[in-house]
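Below is one structure, written out as C-alpha cells, with a few remarks after it.
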Amino acid sequence: MGPTILIVDDNGGFRAWARVLLESAGYTVAGEAADGASAIAAALASPPEVMLLDVQLPDTDGFEVARRLRAERSDVAVVLTSTRDALDYGPRLGRCGARGFVPKDALSAEALAAVLAGETDPADADTT
C-alpha cells in the first residue's frame, strides 16, 4: 500500500481525476476537500502522509493552508498544484513550507514521487 494522500481542490472533476490517477499508482486516497478550512480540518482529524493542495481555493490560498498545516502537523508533506506556472508564484512556493510544486497538467505518480523524494526545489519549479 502506498502513501496516504488528501486531495484538496475546489474542482470536483480534478479531484476525481487525481484520485483515479493516484490510486492506480498505489496511493491510498485518505479523503478530499474543496476548500482550505475543510483541508485543514481533515488533515488534523486524520493526518495523511501527503496533501496535494491547489494554490487557488475559494476561502484562502494554498500558501496559507500550507503554512497553517506546517505549524500544526509538520509531518504532512504538502505538494502544491495549479494550472498556472510555478514561476508565477515566485518565492512564495519556497516560503510556505510546502515540499514542492507539480503543475496540474504534469501531475503523475512519478512527478509526485520526485517532489516527495526531494528531487525538485519548490523555489525553482518549472513547468516548461
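Quick rundown of the values:
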read-out: Cα shape, region 3-68, gyration tensor, a/c 1.5 rule; value: oblate
read-out: Amide H contacts of L57 (H built 1.01 Å from N, under 5 Å, at least 5 apart or other chain); value: G62
read-out: Integer Hz, Karplus 6.51/-1.76/1.60 couplings in order for region 2-19, x for Gly and Pro; value: x, x, 7, 9, 10, 9, 10, 6, 7, 9, x, x, 5, 4, 5, 5, 5, 4
read-out: Contour excess over end-to-end distance, with Cα ends at N11 and A71 and 0.36 nm allotted per residue; value: 19.0 nm
read-out: Heavy-atom accessible area per residue - the chain, 1.4 Å, Å²; value: 47 Å²
read-out: For G31, residues with placed amide H under 5 Å, excluding near neighbours; value: I5, I7
read-out: Relative contact order of the chain, pairs being alpha-carbon contacts under 8 Å that are 6 or more residues apart, as %; value: 21 percent
read-out: Percent accessible area from carbon and sulfur atoms, region 26-128, protein chains only, probe 1.4 Å; value: 46 percent
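The values are calculated or read from the model by the stated rules, or taken from the named source; none is laboratory data. The structure presented is a predicted model; accordingly, all values stated were derived computationally and were not measured. Only protein heavy atoms, including side chains, enter the accessible area calculation; ligands, DNA and RNA are left aside. Shrake-Rupley method; radii C 1.70, N 1.55, O 1.52, S 1.80 Å.
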